[in-house]
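Asks: Take a look at the following structure, please.
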Amino acid sequence: MTLSVDLFFSFRSPYSYLALPKTLKLVEAYDLSVNLRPVYPIAVRVPGFFKKASPQFARYIVMDSRRVAEHAGIPFRFPRPDPIVQDMTTLDVAAEQPYIHRLTRLGTMAQLDGRSLAFTSAIAPVLWDGSVAGWNEGDHLARAAEKAGFDLAAMDAAISADPDRYEQVITENEKDHAASGHWGVPTFVFENEPFFGQDRIDLLVWCLQGKGLTRR
């Protein structure tokens, strides 16, 4: 029997991006379904978070995510532009967030189609692997989406026609994420048990094997 895991994912999270290669290997190697469920970054979900957090928080994330990527051999650079419009001097988050709303709604549309892992695995490297400056310009996203079997223009049009539909799904994702017992991303959830971080995937596999996970 195919086991199923939810993956709560943010397009701004470096660790979410860094979890993708290992996640893809999991579903290739095991009889496992991963339902990637996009959520908004904590900068949007928790207004004022960065002003309340220790000033060491962001600096550590920058340093640590880079060394995690280097250790794993994953191409990595922080996105240009940042998916969140934020003044990194004052830490103020802009009221208007065109990038992250678009990305998260697109991921949610792919979730409704049952192909969110494939879509996100195609799109996220455009932001994070360092090969593109101005990921939001030109046809970078469209070409990546097309390789995974998606028509980005059609997706954008459908979302523009009914944005509330996708916002409702995102809200439901965020509620289920919180109900799992964790707030960070990436969080894998199996049978209501959260596994937070790309460094807990091995522990997740161990738990799944205890529930009958088999290789393909």
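The values are calculated or read from the model by the stated rules, or taken from the named source; none is laboratory data. This structure is a prediction, so every number in the text was calculated from the model and none was measured. Neighbour counts are summed over all protein chains in view; Cβ atoms, including those assigned to glycine, are modelled from backbone coordinates with ideal geometry. Remember, those area values only see protein heavy atoms, side chains included, never the ligands or the DNA or RNA. Shrake-Rupley method; radii C 1.70, N 1.55, O 1.52, S 1.80 Å.
Asks: Quick test for you: out of 115, 77, 102, 59, pick the one residue that is out of contact with any helix residue (DSSP H, G or I) (no Cβ under 8 Å at 6 or more places or on another chain) and surrounded by 11 or more Cβ atoms within 10 Å (Cβ to Cβ).
Replies: 115
Asks: While we're looking at this one, here's another question. Examine the range 131-139 for a residue that is open to solvent by 30 Å² or more (accessible area, probe 1.4 Å), among the polar types (S, T, N, Q) and either part of a loop (DSSP other than H, G, I, E, B) or at positive phi (or both), and state whether such a residue exists.
Replies: Yes, there is a match, as at least one residue in the range 131-139 is open to solvent by 30 Å² or more (accessible area, probe 1.4 Å), among the polar types (S, T, N, Q) and either part of a loop (DSSP other than H, G, I, E, B) or at positive phi (or both).
Asks: Looking at the structure I just gave you, is residue 69 within 15 Å of residue 155 (Cβ to Cβ), of a type outside the set (S, T, N, Q) and in a helix (DSSP H, G or I)?
Replies: No, not satisfied.
Asks: Kindly indicate which of 156, 151, 164 is open to solvent by less than 70 Å² (accessible area, probe 1.4 Å), over 20 Å from residue 16 (Cβ atoms), out of contact with any Leu (no Cβ under 7 Å at 6 or more places or on another chain) and charged (D, E, K, R).
Replies: Criteria check complete, one pass: 156.
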